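Since every read-out is calculated from the coordinates, none of them should be taken as a lab result. Note that the coordinates shown come from a computational prediction; the quantities given were computed from them, not determined experimentally. Here the Cβ positions follow ideal geometry from the backbone for every residue, glycine too, while neighbour counts run over all protein chains shown.
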């Protein structure tokens with residue numbers, strides 16, 4: 001397999017330098033020792049990366065499950081000869097509730113079970129928005145725990161357990177307000193799953209495979225998304241609660257596997273002072289015959305950095321205090337916000353198009369597969385900034401084009417929507433890998449969490465805009481806004497440094513020195 005993302009290869013030299021500065025030979029760095037131990041991708045690393053990446057499957061199911069559980073079910077006129085009823089597309093405009101009937105039993109959706117079909121757009125969009133609000137608050141409160149006290153593995157385990165248990169409890173909801181609260185709790189637990197899974201899987205392998213295991217996570221997320229329309233279609237007509245049972249019970253079983261089988265990140269263990277555990281972890285996942293290399297860990301000179309052992313909130317504090325880190329964080333969060341509007345809004349909005357919801361959601365889920373493949377093929381060949389700028393612009397253009405009316409445009413709408421969603425997915429994949437490279441080990445998980453929260457923050461507004469568009473019939477409220485936001489936010493990638501082919505740093509000082517050297521080469 002070709003190297004898809006040479007994240008740690010040496011950067012090009014500039015200003016007449018023959019080669020970039022290196023650490024002294026008799027003081028090996030943590031990164032060099034880990035690379036010597038994990039340069040070959042063995043079965044142990046494959047199992048670890050795959051098991052960690054499986055968390056994305058259940059993450060995707062809970063993220064998009066409301067497309068079906070909160071959907072407006074199809075209905076028909078009680079009297080097929082009623083011309084007035086047959087000419088109306090909104091049941092709320094009919095004079096009597098007895099003049100129409102649901103196609104499925106009332107318990108098929110929360111809308112039909114609790115009579116929300118004529119509720120205002122805020123109430124109809126509130127359950128889905130509450131999930132994203134839970135993700136936002138959970139990410140802000142829990143994100144840095146993976147960098148500080150709990151570590152990547154324990155945070156992944158606890159997040160998956162909290163998400164799956166809250167999802168299972170959702171089946172006992174008796175009204176929309178209890179449902180709202182439990183969806184918030186599910187989002188709160190789910191908040192750090194993707195971040196922990198991506199960071200942990202990338203830190204369990206060598207530099208040659210770091211981008212590949214990230215792509216594995218994106219692919220598994222797509223499979224989880226794709227499983228939803230299949231489960232929903234097989235259970236159409238059944239209670240919406242069945243979907244939560246089908247998705248939460250397997251997730252609880254996965255939590256058990258994570259607790260007993262997944263290894264902690266050796267980078268995090270070493271940076272936090274647990275050197276013996278880091279060595280043992282490397283020995284357990286390294287290829288046979290290279291475990292003796294770990295004896296050299298006693299000679300590693302990991303410079304004392306006051307940011308290596310931080311409490312829960314100090315990681316975010318550091319990101320705000322360091323000027324270069326703050327500049328990068330603001331830029332990637334703004335880009336992430338625009339992507340969140342499209343990524344979460346497009347699948348929720350397909351119900352407003354004149355297409356079957358099962359087919360539309362399936363096509364959107366399938367659109368993530370080529371986006372993962374495109375990311376895999378291009379991430380190691382093209383600059384991150386160029387990729388992000390191109391795909392955010394394309395996504396914004398196609399999203400805005402979805403608002404056009406007319407018989408010809410109606411046939412093209414689903415195609416434009418799919419291209420916009422595909423571009424948004426590809427841009428998001430690139431952004432997550434880009435963020436991994438922009439920040440050092442001691443704050444990497446926290447930075448990733450902040451970026452994902454920005455993506456989720458965009459998702460908070462998406463259900464409300466989709467519900468408003470569905471109520472008014474004006475797609476400008478949804479697709480028009482989505483396109484303008486992602487197109488404008490994508491321009492902020494120009495404020496970020498290019499990282500393709502650069503080193504992956506472990507401390508804030510190391511990253512800052514690299515940033516200063518980059519600036520000096522630009523000046524030269």
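List of remarks:
- Computed over the Cα atoms of the range 152-281, the ratio of the radius of gyration to the Kirkwood radius (Rg/Rh) comes to 1.05.
- Relative to the compact-globule estimate of 2.2 N^0.38 Å, the Cα radius of gyration of the range 36-142 comes out at 1.74.
- Note on residue 494/residue 236: beta-carbon distance plugged into 1/(1 + (r/R0)^6) with R0 of 56 Å gives a FRET efficiency of 0.75.
- Extension gain (nm, one decimal) between residue 274 and residue 178, 0.36 nm per residue minus Cα-Cα: 30.2 nm
- In percent, rounded to a whole number, the relative contact order of the range 146-215 is 35, using alpha-carbon pairs under 8 Å and six or more apart.
- Projected label distance in nm at residue 356 and residue 257, using a 7 Å step from Cα toward the beta-carbon: 3.2 nm
- With a simple spin-label model that places each label point 7 Å from the Cα along the Cα-to-Cβ direction, the separation between residue 104 and residue 513 comes to 6.0 nm.
- Residues listed by number, the range 104-145, amide nitrogen under 13 Å from residue 88 label point at 7 Å toward C-beta: 118
- Modelled FRET efficiency - R0 25 Å, residue 373 with residue 330, Cβ distances, 0.05 increments: 0.20
- Residue exposure proxy: 252, 403, ordered by other Cβ atoms within 10 angstrom of their Cβ from fewest to most, comes out as 252, 403.
- Peptides ranked, highest mean first, by Cβ atoms within 10 Å: ranges 78-84, 318-324: 318-324, 78-84
- With neighbour counts taken as other beta-carbon atoms within 10 Å, the residues 92, 165 rank, fewest first, as 92, 165.
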